[in-house]
Amino acid sequence: MALEETGPSYGIIMGSADTDLPTMHHVGLALQEMGLQENVDYEERAPSVHRLTELAIEYAKTAEARGIKVIIAGAGGSAHLPGMVASETIVPVLGVAITSSPDVMNRALGSNIGMPKGKPLATFQGEAGAFNAGLFAVRMSIAAGNIALRGKYLEYEARLVEQSAERDSQLLAMGSTTYMGMRGIPRAK
Ligand code: RP5
């Protein structure tokens, strides 16, 4: 499908909708968790760099003119999409390496962090990385002067502190066995 003439602020793109969305969906979840889904407009597209090459190139080349301020690009496998897009636009690109396990250094991650000198691509990994890429994009918007996002971002950070403090108190009060049962944490075999 063709690109609309005017784009949103954030472009969330991936190499494969079916394979990559379970990870890339977490970018939008981050915006929702901050309560910023109404404040930040974004689109989700899957312009496979290998199978929809023309569209991927067009996406990169028109991003700035379409008004996109940041691109969050995820891919697995050989993961060419983030690097190619970063090479064809000056819009900052946050690459998300789709990985099966956060503990495994895989090819997609290597592809993202191995960009040649002169072609910057920020790199994140996996579900947590996709979520953090959403947070990072908001930080970039705030730094660029979109102060309206700041309050909700700080509230999100405060909630993280409260949540960790509450869990610490519960663990202290009830002990690890009850805590793990209450939170549904599986025990190691
Ligand atoms: C990459 O190859 C995609 O980003 C995806 O992670 C992987 C496999 O894609 P599919 O064959 O499932 O479409 O280009």
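Ligands, DNA and RNA are left out, and with a 1.4 angstrom probe the accessible area of the chain is 56 Å² per residue. By the helix-only formula, in which each DSSP H run with n ≥ 4 contributes -39500 (n - 2.57) and the sum is divided by residues, the chain has a 222 nm mean residue ellipticity of -16000 deg cm²/dmol.
Build a GNM of the chain with springs between Cα atoms under 10 Å apart, and of Ile113, Ile13, Ile71 the one that fluctuates most is Ile113.
The share of accessible area on the chain that comes from carbon and sulfur is 54 percent, using a 1.4 angstrom probe. Helix screen, the chain: no DSSP H segment has Cα axial length of 20 Å or more and mean Kyte-Doolittle hydropathy at least 1.0. Neighbours of Arg66, meaning other residues whose beta-carbon lies under 14 angstrom from its beta-carbon, give a summed charge of -4 when Lys and Arg score +1 and Asp and Glu score -1. Distance between the modelled labels on Glu43 and Thr19, one decimal in nanometres: 2.4 nm (7 Å Cα→Cβ projection). Comparing Pro120, Pro82, Pro22 in a Gaussian network model of the chain (Cα springs below 10 Å), the most mobile by mean-square fluctuation is Pro22.
If you take the Cα centroid of region 115-186 and the Cα centroid of region 25-86, the two points sit 21 Å apart. Applying 1/(1 + (r/R0)^6) with R0 = 22 Å to the Cβ-Cβ distance of Ser164 and Ile142, what FRET efficiency is obtained, to the nearest 0.05? Given R0 = 22 Å and the Cβ-Cβ separation, E is 0.45.
Placing a pseudo-label 7 Å from each Cα along the Cα-to-Cβ vector at Glu4 and Arg150 gives an inter-label distance of 3.0 nm. Peptide packing: for 92-98, 24-30, 50-56, 156-162, the average count of neighbouring Cβ atoms within 10 Å per residue gives the ranking 92-98, 24-30, 50-56, 156-162, highest mean first.
Build a GNM of the chain with springs between Cα atoms under 10 Å: which of Gly129, Gly83, Gly175 gets the top mean-square fluctuation? Highest fluctuation of the listed residues: Gly175.
The values are calculated or read from the model by the stated rules, or taken from the named source; none is laboratory data. What you see is a predicted model, and the numbers here were worked out from it, not measured in a lab. Cβ coordinates were reconstructed from backbone atoms using ideal geometry, including for glycine residues, and neighbour counts include every protein chain displayed. All accessible areas refer to the heavy atoms of the entire protein, side chains included, with ligands and DNA or RNA removed. Shrake-Rupley method; radii C 1.70, N 1.55, O 1.52, S 1.80 Å.
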